[in-house]
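Quick notes on the structure that follows.
The values are calculated or read from the model by the stated rules, or taken from the named source; none is laboratory data. Keep in mind that this is a model prediction, so the values were computed, not measured. Positions of Cβ are generated from backbone atoms using ideal geometry, with glycine treated the same way; all protein chains shown enter the neighbour counts.
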Amino acid sequence: MNKEEKGRKYKEGEIKIDYENIDVANIMDQIKKKIAQRPKGARKEFRREYSPAKTSPSVLEQYETSGIKAKMKRILLKLTKPFSPLIKLLIFPVYAQFRETVLILDQTNRRLDFLSASIDEVDQRLKRAMEYTKLLHSLSHNIVVELTKLKIEEENLRLKTRIMEKDFEFLGKRERAVEKQILK
Amino acid sequence: MKVAFVCQRYGMEISGGAELHCRWVAEHMRKHWEVEALTTRAFDYITWKNHYPKGLEVINGIPVRRFSVSKTRDPVKFGRIQKFIVENEHRIEDELRWLEEEGPSSPPLIQYIKDHQDDYDYFVFFSYRYYHSYWGIHAVPQKGILVPTAEKDPVIQLNIFKDLFRMPRAIVYNSKEEREMINALSCNDHIPGDVVGVGAEIPSHFSSQKFRKKYRIDGDYVIYIGRIDENKGCDELFDFFLFFKRETGLPIKLVLIGSTILDIPPHPDIHHLGFLSDEMKFSALDGSLLLVMPSFFESLSMVTLEAWAAEKPVLANGRCDVLKGQCLRSNAGFFYENYEEFEEALTLLLSSPRLRRAMGKNGRQYFMHHYTWETIEQKYLSLVERLEKEE
């Protein structure tokens, strides 16, 4: 924000507010839209104004970092770190962990079986759907062919009707001419 | 009807959190039930060292039975176990070890509950995550009512708690969001429950002028009330406020009330006043333009409710579902999820006294509708009545 904008205030109507019936969700949407509409360069990069040097970051940390005992503990922990897998192996109930791992694996396998069965089912459905699509395609193709044939047939029939009408008209005229000849 | 309120700590000196919530509810329900408080002798919430004398004590007319904490907490060990269970695959035993280490471990309290369960009709347990609630509900599931005061922190995912939320006779939630979170986590929709929360104790007399005179605060200010702690989002608030001051140049001050475990940046417009009495706290609130609530984790912010009771709008951290939900439902607060939103929302609130008044009014209405003590008491009574009928 530049110097001119310092001390800025919202202008009347910048955000539409119904003061009789405040709708926080709507106002927040307008604020969010307003922020989103800012060009990329105008977006504010938040910078830290101070580094929070904590007087006591958390009471737990205070406990953790104070005293010779804590220091000794940290050194001991560092020293024993390379041996931690061995220590874990000796201390922890390996059988229980092994059993738990087997159970987890078993559960995972079952889940995998279930998922692969589901995949097979979905695959079958997909194939069936594809067959249906093919059938529908040939059906619509056949319908189009049949409709074309019917159209041609209709045209032929119309033509035949017109010829027959003309023949009928001619025969009518001829009939009248023959009647005249007989009456003479 | 005799009801025991079970809480990790209980005392007049404890000024916030689930403990104060418990005390207030117990004191109000005294009108309707015969009430007792069962608690430990601890005062320090880090080590749970025995502080209060053992035995029976009467606080504001409520008999309080205190039981010894058998093992103080080793914060280093506890921190290590918590880190392990949050970050690694682990067993139920590890979670129980964490619970034991978290404390306040008081087997005599659980034994008392077991031995005297017939003497009480219900036990109301506050704070799901502590020893007393877990083992207490296991001891008397059919008489246990849980007030979880749960926040969206990692330990709520522990398996022991998923089971715990399916055990009690009823659950009293603090907010709709808390209920949804717990229902989603533990599929405990079948457990009877209600969203109740807590009321606020508003002093009969308070005056902003008295406050301004005493602490020599002049001009406009926004206020934060509560523990000044990283977990409460205060470091972010300082960052945002200082950046806001530099960017907008608005002559606004930030007044902080509460004890601190964080270094407060030295700035002429940031005033830390420490812990104040209720009367002075409300006086400060009364003189402020709005309350800022930067906390990430809340199950129900009592201070937010107090601000609404005092007709003040709130600017809350939108990354806390509960605060965001309350702002939306009450139409009495804005929320932010980053600096830009903080700046826009705060500028809008500071620019318009009319908007602040309208939102403050909404806040007051919301408070009067949901959080007066009559409403809270009635909700507790209805829940228990429902349980009685079910029986």
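Side notes on the structure shown:
- Hits in segment B:309-326 (condition: of a type in the set (A, V, I, L, M, F, W, C) and over 16 Å from the mean Cα position of the chain (by Cα)): B:Ala309, B:Ala310, B:Val314, B:Leu315
- Within this structure, A:Phe98 passes the test of being modelled with pLDDT under 80, more than 22 Å from B:Arg80 (Cα to Cα) and surrounded by 10 or more Cβ atoms within 10 Å (Cβ to Cβ).
- Of all residues in segment B:300-344, exactly one satisfies the criterion of being within 13 Å of chain A (Cβ to nearest Cβ), out of contact with any helix residue (DSSP H, G or I) (no Cβ under 6 Å at 6 or more places or on another chain), in a loop (DSSP other than H, G, I, E, B) and touching a residue at least 12 places away in the same chain (Cβ under 8 Å), namely B:Glu337.
- Sole exception among (1) surrounded by fewer than 24 Cβ atoms within 10 Å (Cβ to Cβ); (2) within 9 Å of chain A (Cβ to nearest Cβ); (3) not in a helix (DSSP H, G or I) for B:Leu276, by number: (2)
- Those residues of segment B:186-204 which are more than 19 Å from B:Leu387 (Cα to Cα) and either modelled with pLDDT of 90 or more or touching a Lys or Arg at 6+ places or on another chain (Cβ under 6 Å) (or both), in sequence order: B:Ser186
- In this entry, B:Leu99 is excluded by the filter for residues that are modelled with pLDDT under 95, touching an Asp or Glu at 6+ places or on another chain (Cβ under 6 Å) and more than 20 Å from B:Glu391 (Cα to Cα).
- Checked against the criterion of being surrounded by 11 or more Cβ atoms within 10 Å (Cβ to Cβ), in a helix (DSSP H, G or I), modelled with pLDDT under 75 and within 13 Å of chain B (Cβ to nearest Cβ), segment A:72-90 has at least one qualifying residue.
- Of all residue pairs spaced 6 or more apart or on separate chains, those with beta-carbon atoms under 6 Å, a first member in segment B:54-82 that is more than 16 Å from B:Tyr130 (Cα to Cα) and a second member that is surrounded by 14 or more Cβ atoms within 10 Å (Cβ to Cβ) and aliphatic (A, V, I, L, M) are B:Glu57/B:Val64; B:Ile62/B:Ala26; B:Ile62/B:Val35; B:Ile62/B:Ala37; B:Val64/B:Ala37; B:Arg65/B:Leu38.
- Among the residues making up segment B:345-360, a single one is more than 7 Å from chain A (Cβ to nearest Cβ), surrounded by fewer than 19 Cβ atoms within 10 Å (Cβ to Cβ) and not charged (D, E, K, R): B:Pro353.
- The helices (runs of 4 or more DSSP H) located wholly in segment B:1-110 that include 2 or more residues which are of a type in the set (Phe, Trp, Tyr) and not assigned by TED's automatic domain parsing to the domain that holds B:Lys281 occupy B:75-87.
- Checking each residue of segment A:21-36 against the condition of being more than 8 Å from every other protein chain (Cβ to nearest Cβ), modelled with pLDDT of 75 or more, assigned to a helix (DSSP H, G or I) and in contact with a helix residue (DSSP H, G or I) (Cβ under 7 Å, 6 or more places away or on another chain) gives no match.
- Single residue of segment B:237-266 satisfying the filter (assigned to a loop (DSSP other than H, G, I, E, B) and more than 7 Å from chain A (Cβ to nearest Cβ)) that is surrounded by the most Cβ atoms within 10 Å (Cβ to Cβ): B:Gly258
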